[in-house]
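Colleague: The following block contains the structure, expressed as structure tokens.
The values are calculated or read from the model by the stated rules, or taken from the named source; none is laboratory data. Source: prediction; values computed, not measured. Cβ coordinates were reconstructed from backbone atoms using ideal geometry, including for glycine residues, and neighbour counts include every protein chain displayed.
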Amino acid sequence: MTGTMPRWMAPLAVLAATVVLLPIVATVARLDWSRLPELLTAPAALDALGLSLATAAISTCLCLMLGLPLGYALATWRSRFKPAVRALVLAPLVLPPVVGGLALLYAFGRRGLLGGALEDAGLSLAFTTAAVVVAQTFVAMPFMVLATESALGAQAGHHEALAGTLGASRSTTLWHVTLPALRPALITGTVLAFARALGEFGATLTFAGSMPGVTRTLPLEIYLQRETDADAAVALAVLLVAVAVTVVALAYRPLSARTPAGAGR
């Protein structure tokens, strides 16, 4: 597709890149490099970073484990209610994070829809580390659902039908035919879910609170440091950007780089 873009689009592409890159460059330029080691090795920063990475990894696994079947169901379900259900499932993509946190609080809080039953069972979810994972999963799972559904919708389904005629069960077809074909989409969904979970702020603050070492993730630590030590906030912000960019750069590669040699021949 080299050279096919109309010339009038080039300035718009440059403007779009500027809108995205300029704030990041400005943040890096604001960084106090002389204090960087001190700021990044502070106990509060290390605790917040460790908590963010751990909870984001767990929530990403949950997104993959739950979002893949849900995306598959939406792609194959035939019902007049499908558009409404799909809109509700993908709603966290557009909901303000604070609204998502309130929804989680009303569902799983002590006085929430299921909170009382959880309390009776000895499970207290709100304002715990588990609440951080739930909040991150809530906001990040739609990325996995959307990636899975879109990839399945783009497939013709001929290989699955052929596997069925050869006697393969649905599970065998899923593991050996469908999932290998979905690999690029699953990688994309996983990366986006992890990045979204890593940067989650509003729902976490509302549903889990901000307790050091328990629920205070790196975005929350950045927000608090902004009020007391701007240099620390900038250092942590640059760290968060660096982690997110590294994850995306390593995993979100072009499709051609992940396609085995000879594929499609």
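Colleague: May I ask you to say which residue of P92, P97, P142 is at pLDDT below 90 and within 28 Å of A244 (Cβ to Cβ)? Explain how you work it out, then say what you get.
Modeller: Numbers: P92 fails: at pLDDT below 90; P142 fails: at pLDDT below 90.
Only one candidate qualifies: P97.
Colleague: Considering (1) surrounded by fewer than 17 Cβ atoms within 10 Å (Cβ to Cβ); (2) closer than 24 Å to M144 by Cα; (3) touching a residue at least 40 places away in the same chain (Cβ under 8 Å), say which one S52 fails and leave the rest.
Modeller: The single condition S52 does not satisfy is (1).
Colleague: Would you mind telling me which numbered condition in (1) free of Cβ contacts under 8 Å to residues at least 24 places away in the same chain; (2) closer than 12 Å to T204 by Cβ; (3) among the hydroxyl-bearing types (S, T, Y) T137 fails?
Modeller: Tallying (1) free of Cβ contacts under 8 Å to residues at least 24 places away in the same chain; (2) closer than 12 Å to T204 by Cβ; (3) among the hydroxyl-bearing types (S, T, Y), T137 fails exactly one: (1).
Colleague: Select from the stretch 191-216 the residues that are out of contact with any Gly (no Cβ under 9 Å at 6 or more places or on another chain) and assigned to a helix (DSSP H, G or I) and write down the one among them that is nearest to L104 (Cα to Cα).
Modeller: Taking the candidates together, the pick is A197.
Colleague: Looking at A75, is it of a type in the set (G, A, S) and modelled with pLDDT of 90 or more?
Modeller: Answer is no for this residue.
Colleague: Quick check on the stretch 32-49: of everything there that is within 17 Å of P219 (Cα to Cα) and in contact (Cβ under 8 Å) with a residue 24 or more places away in the chain, which residue is nearest to the chain's Cα centre (by Cα)?
Modeller: Among those that are within 17 Å of P219 (Cα to Cα) and in contact (Cβ under 8 Å) with a residue 24 or more places away in the chain, it is L49.
Colleague: Please verify whether the stretch 11-29 includes one or more residues that are over 28 Å from P212 (Cβ atoms) and outside any helix (DSSP H, G or I).
Modeller: No, because not a single residue in the stretch 11-29 is over 28 Å from P212 (Cβ atoms) and outside any helix (DSSP H, G or I).
Colleague: So how many residues does the stretch 123-134 have that are over 11 Å from V214 (Cα atoms) and in contact (Cβ under 8 Å) with a residue 40 or more places away in the chain?
Modeller: 3
Colleague: From the list M65, M5, which one is exposed (fewer than 14 other Cβ atoms within 10 Å of the Cβ) and at pLDDT 90 or above?
Modeller: Testing whether each residue is exposed (fewer than 14 other Cβ atoms within 10 Å of the Cβ) and at pLDDT 90 or above leaves just M65.
Colleague: Now for a separate question. I58 passes all but one of (1) β-branched (V, I, T); (2) at pLDDT below 90; (3) within 17 Å of the chain's Cα centre (by Cα); which number fails?
Modeller: Unmet condition: (2).
Colleague: With the condition kept exactly as written, say whether any residue in the stretch 74-88 is over 22 Å from the mean Cα position of the chain (by Cα), exposed (fewer than 15 other Cβ atoms within 10 Å of the Cβ), over 29 Å from I187 (Cβ atoms) and among the β-branched types (V, I, T).
Modeller: no
Colleague: Might you check whether a residue that is modelled with pLDDT under 80, on the phi < 0 side of the Ramachandran plot, among the β-branched types (V, I, T) and touching a helix residue (DSSP H, G or I) at 6+ places or on another chain (Cβ under 6 Å) occurs anywhere in the stretch 180-202?
Modeller: no
Colleague: Residue by residue through the stretch 217-243, note down the ones that are surrounded by fewer than 22 Cβ atoms within 10 Å (Cβ to Cβ) and not in a helix (DSSP H, G or I).
Modeller: Selection gives D229 alone.
Colleague: Oh, and also: For the stretch 71-118, enumerate the residues that are part of a loop (DSSP other than H, G, I, E, B), within 19 Å of V134 (Cβ to Cβ) and not basic (K, R).
Modeller: Scanning the stretch 71-118 gives L90, L95, P96, G109, G112, L113, L114.
Colleague: Continuing with this model, one more query. What's the number of the only condition in (1) surrounded by 14 or more Cβ atoms within 10 Å (Cβ to Cβ); (2) assigned to a helix (DSSP H, G or I) that S34 fails to meet?
Modeller: So S34 meets the others, but not (1).
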